[in-house]
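Some notes on the structure that comes next.
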Amino acid sequence: MQAFAALSFGKVKLRPLARRDWRILQQLLEADRDWLRPWEASTPGIRYPVNARSMVSNLLYHQRRQTGLAFVILYQGQVVGQLNVANILHGSVSSATIGYWIAKDYAGRNITPYAVALAIDYLFDSLALHRVEIDIRPENTPSIRVVEKLGLRKEGLKERFIHIDGAWRDHFVFAITREERSDTMLNRLANTHLK
């Protein structure tokens, strides 16, 4: 996988995650604990304090192994969240999974839909992947709204899929393939008028 550059549209930018980003991510994650905890993966039986330095190291490790990509989400030049691409597979599977979070003060401004659109377009156009998946807890209506704005297809339910906030949680599966994308995701998003 070649090195990748920042992706941007208007005031929204995805910049490759850098080791130094752990400080601002730590601040955001600590400031919004109650907002983010219901959606963050956890380890059964263990409660870890927020450790953005370790998270960044892990994401960069997977990036070096070419199994993931990690971005920070910027809005008007300020880091406001994070987007990960995990489980990148090529060949006969040719797919990846996207996950993301945004600081509470920036939710509802259509930053996340644009960030996800940029990522999907990059995965299809630059990495030549065939399928992108996003898994979302049924209770996470703001994230479900993101994939609805982008027109991703709902495939079904993964029962007790990821351990989150102390229990194994169900997740809806949303996906899109190259054949389903008749235009860029950015254009698709613009055509929804961001309702």
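The values are calculated or read from the model by the stated rules, or taken from the named source; none is laboratory data. Remember, predicted model here, so these are calculated numbers, not experimental data. Cβ atoms come from the backbone with ideal geometry, glycine included; neighbour counts cover every protein chain shown. Remember, those area values only see protein heavy atoms, side chains included, never the ligands or the DNA or RNA. Shrake-Rupley method; radii C 1.70, N 1.55, O 1.52, S 1.80 Å.
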Just name one of A107, T192, L74: the one whose Cα is farthest towards the positive end of the charge dipole of the chain (beta-carbon charges, Lys/Arg +1, Asp/Glu -1). L74
Can you tally the lysine pairs in the range 47-195 where the Cα-Cα distance is under 21 Å and the two residues are eight or more apart, or on different chains? 4
Give me the accessible area per residue for the chain, probe 1.4 Å, as a whole number in Å². 52 Å²
Take the solvent-accessible surface of the protein heavy atoms, probe 1.4 Å, and return the percent of it on the chain that carbon and sulfur atoms account for. 50 percent
When DSSP assigns beta bridges and you keep just the ones with both residues in the range 49-195, what percent turn out antiparallel, to the nearest 5? 90 percent
Can you pull out the trypsin sites (Lys or Arg not before Pro) in the range 1-84 that DSSP calls coil and that have at most 11 other Cβ atoms within 10 Å? R47, R65
Dipole magnitude of the range 128-174 about its Cα centre (Cβ charges: Lys, Arg +1; Asp, Glu -1), debye to nearest 20: 140 debye
How big is the Kirkwood radius of the chain, worked out from every pair of different alpha carbons and given in Å to one decimal? 17.0 Å
Could you give the size of the charge dipole of the range 83-172 about its Cα centre, using +1 on the Cβ of each K and R and -1 on the Cβ of each D and E, expressed in debye and rounded to the nearest 20? 140 debye
Defining a contact as two alpha carbons under 8 Å apart and six or more residues distant in sequence, what relative contact order in percent does the chain show? 20 percent
Which one, L25, L14, P38, projects farthest toward the positive side of the charge dipole computed for the range 1-42 from Cβ point charges (K/R +1, D/E -1)? L14
Treating only the Cβ atoms of Lys and Arg (+1) and Asp and Glu (-1) as charged, compute the dipole magnitude of the chain about its Cα centre; round to the nearest 20 debye. 400 debye
Pick out, in residue order, every one of the trypsin sites (Lys or Arg not before Pro) in the range 154-188 that is DSSP loop and has at most 11 other C-beta atoms within 10 Å; say none if there are none. none
